[in-house]
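Every number here is computed from the coordinates shown, using simple stated rules; none is lab data. Not measured: the values here are computed from a predicted model. Note that we place each Cβ from the backbone using ideal geometry, even for glycine, and neighbour counts take in every protein chain shown.
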Amino acid sequence: MLLLWKQMFLLSFVGCLGDLENLKTKMRSTVSVREGQGVVLLCGPPTHSGEHSYAWIFNEYPSFVQEDSRRFVSQETGHLYIAKVEPSDVGNYTCVVTSTVTNAKVLGSPTPLVLRTDGVMGEYEPKIEVQFPESLPAAKGSVVKLECFALGNPVPRINWRRADGMPFPSKVMLRKSNGMIEIPNFQQEDAGLYECITENSRGKNVARGRLTYYAKPHWVQLIKDFEAAVEDNLYWECRASGKPKPSYRWLRNGEPLALEGRIQIENGALIITNLNLTDSGIYQCIAENKHGTIYSSADLRVVASAPDFSKSPMKKLIQLLIGSTAHFDCKPKSSPKATTTWKKGGELLQENERISLLKDGGLRIANVSKSDAGSYTCLAENQFGKASSSTSLLVTEPTRITLAPSNMDVSVGESVILPCQVQHDPLLDISFTWYFNSALTDFRKDASHFERVGGSASGDLMIRNIQLKHSGKYVCMVKTEVDSVSSAADLIVRGSPGPPERVKVDEITATTARLTWHEGLDNHSPIASYTIQARTPFSVGWQRVTTVPDVIDGKTFTATAVDLNPWVEYEFRIVASNKIGGGEPSLPSEKVRTEEAVPEVPPSEVSGGGGSRSELVITWDPVPEELQNGEGFGYVVAFRPLGVTTWIQTVVTSPDTPRYVFRNESILPFSPYEVKVGVYNNKGEGPFSPVTTVYSAEEEPTIAPSGVSANSLSSSVIEVSWVSIPWKMSSGRLLGYEVRYWNNGGKEQSSNRIKAIGNETSVRITDLMSNLVYYTAVRAYNSAGAGPFSATVNATTKKTPPSQPPGNVVWNVTDSRVMLNWEQVHAMENESEVIGYKILYRTSSQNELSVLMTNRTSAELLLPLNDDYIIEVKAVTDGGDGISSEQIKIPKLASMDARGSGAAVLNGLSSCMSITLYFIFKVVLC
């Protein structure tokens, strides 16, 4: 038994929201069904309500009914179909209608669904409640939707198929419930008989419907405005496609075209023979079938005119090669078509084996020669008049390449010339163009490599400093106004090889790496050998490595790098070489680390000494990381007193540590020890360094120097002297003495210090302040430290020399004697007293100074006569030398007398010169 609730009302609906509002006012009665029974809940929207979609709310918004194999909402009727009611379906159902134009939504009144209590519905076969028409026309390109749904218990399964067995194309879509099939962009191949099969365990039912294809007419070929001459024939075609096939009609000036003997329509084409002026007008071609009508319009103009060359004159000049064929067009505008004749000069042309008068009015002359050159005229005539047009024919010699480029082999860096020389008609201009691998050569852009050389009849190409990229085909193209010729040559550039490829480390040990690679480009010169290079974090760039085999020939693509350092990260690359040279290196291999091994290199520069009392200090240069050969690297320090057989050993675990200090109160000062330092890592112990002798820490001096004295030498220098301390070699080595000094305005704690190295027992302290008391003390020191200071002594620096130089220096020359006189220098109260004077003199060509000392204000010099002399005078004091007088330049002396006073000279005295002090001493002034 099937209970259907089908209450609905019909109102006019024109797609406005007001009509949809009426849906709300319809009262809904309770629908009572048995469990397992099928039911249809009717939506009942107004008829003609426009485009809209349907959905159903279950109980409350927004809980919508979800479509599945048991529930289906028809988008044709809006009804809700439940194939088999279950207890969970009990509730209120509300139909929702949505306008697809405005997106406005209207809800109907709720419909209660309840279960009857008088039993459960038994099983029954599918009953199709929603099905598509038996025949349904579908337009081309439209979207076709077919609905099919059945009630039944158990819930029926729905399947779709084509009756002809053809599979559905991928564009066909099925709804979730399988209750609707959608075919977008409907085409003729989609037409056919479709079947909806509903089936359950109680039976099956089938709904069938045929989709037929139709298409409105659409244009394949439109007519266009056309101009024709009187007496011509017209064939005007318009074509359209459609389903069913369209028929055609023609109109002229809006009226049906009357068919007569010279006017016919064949398959839509309009045919008019022997056109006259009355055939002009607006024409329409109409294509139609039962689904639509389309129009195409155009203007037909039938014209009558005398021949006219104004829009199609003949070329003024035609240039041709000897032996070619000349074509002369003669196409004046003319209605009807004009008859034509041809003249050369004033002579009428007649046809022969070389001359042809063409049907279209043109002229053809085969195998032209120099004698065919001249003026040609076409004369055109019809019943409305006549006209003419002329041209000139120039016949020239062909262009020939007399010296063509040839194939060449060159090496990178060389320069070559590719010749291209021609013979051509002197009446024609000629141009040369070069192409490289089909690309036009730009001589301005590529001026560093390409240059055209040669005369007017030569287009030779020079290529400088050839590179690999210049390998290829070169074409010389020669053009004139009438012909062109070309010649090609291949240029092979041989260069050093390209980089090898796919470098790979196949096998790695502690000291070796087996590599493989693939051959790169040989750049037209066979590869002769390969070289392996390596790089580590410790190397300076890439370094060549030793290999097995020692020489890797060009046919070998595997080799082993040997003598590598263990536990070091390596990269490898390969360089190929040929007779041109070494090529670019390959890309680096992946980084690989060699395996660990026992260390082989002990530390270098093992030494020691120094430190504090009771210490033995041992030092070494740490082993570089690349020679540590593995993790867990450290040092084994071994030592023993000289003459003892047993070694004392200790371990230093830090690989960067450069020293070890052994402390023991039993260690005597400056005792000799034999020392060696070994290495180890996780793989084991390596070798020791050679045994060397290291002394324990020395004993610092315990007594102060005696006999300390200080003497002032000048206004800025004090000399300090002392007596050496007694010293025993068993206590160590005395390195020297330290002198501390400070002035009476300073503090002892911030005193300055100066050292005397070794056994020196005096030192000069310089750069002191003048006329000031300085205190000094002395102590001895060695590597263990310094001893006590001596008692303090003092000395006062002398006053500064006078700030006044000797003035008014006057000289007088008699023969080779130079007499000098100057004013006495008077010291001020804070300056040292003058005790004498220095006369410094030298030749202008030498730097060595001679010095004469005197305690007077005059002096006599005996000088040779062969050079210029420069002389100056200084005051001498206990505090040092005073300021020099102005320099005097005495010119070369002759047998004449001369005199003068102090004057500036061109070259001053050197700031550091050798000075000879006559009668007294020789010193160096700085």
Using a cut-off of 19 Å between alpha-carbon atoms, which aspartates and glutamates can reach LYS445, once sequence neighbours fewer than 8 places away in the same chain are excluded?
-> ASP460
Taking amide H positions as placed in the peptide plane 1.01 Å from N, state which residues far from SER471 in sequence (5 or more) or on other chains have amide H under 5 Å from it.
-> VAL493
Just report the Cα centroid separation between the range 250-327 and the range 499-539, whole Å.
-> 78 Å
Here, GLU848 and VAL303, labelled 7 Å along Cα→Cβ, have an inter-label distance in nm of 12.0 nm
SER724/ALA791 FRET efficiency (R0 25 Å; Cβ-Cβ; nearest 0.05) = 0.95
Taking 346-358, 789-801, 577-589 and ranking on average Cβ neighbours within 10 Å, highest first, one gets 789-801, 577-589, 346-358
Hits among aspartates and glutamates - C-alpha to C-alpha of LYS798 under 20 Å, sequence gap 8 or more where chains match = GLU719, ASP767, GLU829, GLU831, GLU833, ASP878, ASP881
Taking only DSSP H segments of four or more residues, each worth -39500 (n - 2.57), what value at 222 nm results for the chain once the sum is divided by all its residues, to the nearest 500 deg cm²/dmol?
-> 0 deg cm²/dmol
For the range 159-215, Rg(Cα) over 2.2 N^0.38 Å is 1.21
Under the Debye formula (equal points on every Cα, no solvent term), log10 I(q)/I(0) of the range 706-796 at q = 0.11, 0.12, 0.15, 0.16 Å⁻¹ | -0.30, -0.36, -0.54, -0.61
Phi-derived 3J(HN,Hα) across the range 466-474 with the Karplus relation (6.51, -1.76, 1.60, θ = phi - 60°), rounded Hz, x for Gly and Pro, is 4, 10, 4, 5, 8, 5, x, 9, 10
The local net charge around LEU427, scoring Lys/Arg +1 and Asp/Glu -1 for residues other than LEU427 whose Cβ lies under 10 Å from its Cβ, equals -4
Grab the Cα-Cα distance for ARG659 and ARG262, subtract it from 0.36 nm times how many residues apart they are, and report the gain in nm with one decimal.
-> 130.4 nm
Can you list the lysines whose alpha carbon is less than 22 Å from that of LYS504, not counting same-chain residues fewer than 8 positions off?
-> LYS555, LYS591
Mind giving me the FRET efficiency for GLU501 and GLU685? R0 is 56 Å, r the Cβ-Cβ distance, nearest 0.05 is fine.
-> 0.80
Please give the contour-minus-distance gain from PHE557 to LYS337: 0.36 nm per residue of separation, less the Cα-Cα distance, rounded to one decimal in nm.
-> 71.0 nm
In Å³ per residue, the alpha-carbon convex hull of the chain encloses 624 Å³
Remind me, relative contact order of the chain in percent, using alpha carbon pairs under 8 angstrom and six or more residues apart?
-> 5 percent
Contact order relative to length of the range 133-215, as percent, for alpha carbon pairs under 8 angstrom and 6 or more apart | 44 percent
Length-normalised contact order of the range 586-697 in % [C-alpha pairs under 8 Å, at least 6 apart] = 36 percent
Zone reached by a paramagnetic label modelled 7 Å from GLN467 Cα along Cα→Cβ, restricted to the range 480-501 with backbone N below 20 Å, covers 491-500
Percent of all Cα-Cα pairs per 5 Å bin for the range 89-228, counting from 0 up to the last occupied bin, reads 2, 8, 12, 14, 14, 13, 12, 9, 6, 3, 2, 1, 1, 1, 1, 0, 0, 0, 0
Between GLU237 and ASP409, the FRET efficiency computed from the C-beta separation at R0 = 56 Å comes out, to the nearest 0.05, as 0.30
The answer for HIS52, listing residues at least 5 apart or on another chain whose modeled amide H is closer than 5 Å to its amide H, is THR100
Stretch GLU600-THR98 to full length: gain in nm at 0.36 nm per residue minus the Cα-Cα span?
-> 171.7 nm
Filter the cross-link list LYS311/LYS359; LYS755/LYS838; LYS838/LYS892; LYS224/LYS331; LYS171/LYS290 down to pairs whose alpha-carbon distance in this structure exceeds 26 Å.
-> LYS755/LYS838; LYS171/LYS290
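Find the all-direction average of the projected area of the Cα convex hull for the range 343-440, expressing the result in square nanometres with one decimal place. Don't jump to the answer; show the numbers that get you there.
Numbers: hull surface 45.9 nm².
Directional mean of the projected Cα hull area for the range 343-440 stands at 11.5 nm².
Just in the range 406-507: which GluC sites (Glu not before Pro) are loop by DSSP and have at most 15 other Cβ atoms within 10 Å?
Working: sites: GLU414, GLU451, GLU481, GLU501, GLU507; in loops: GLU414, GLU481.
For GluC sites (Glu not before Pro) across the range 406-507 that sit outside H, G, I, E and B with at most 15 neighbouring Cβ atoms in 10 Å, the list reads GLU414, GLU481.
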Separation in nanometres of the label points that stand 7 Å from Cα toward Cβ, at THR650 and SER884 = 6.4 nm
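Taking only Cα atoms of the range 579-618, what ratio of Rg to Rh do you get with Rh as the Kirkwood inverse-distance radius?
Taking Rg over the Kirkwood Rh, I get 1.42.
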The range 638-712: chymotrypsin sites (Phe, Trp or Tyr not before Pro) falling in loop per DSSP and having at most 15 other Cβ within 10 Å = TRP647
Put a dot 7 Å past each Cα toward the Cβ at GLU829 and GLN543; how far apart are the dots in nm?
-> 7.7 nm
Cleavage-rule hits (GluC sites (Glu not before Pro)) in the range 736-845: DSSP loop, at most 16 neighbouring Cβ within 10 angstrom = GLU760, GLU823, GLU829, GLU833
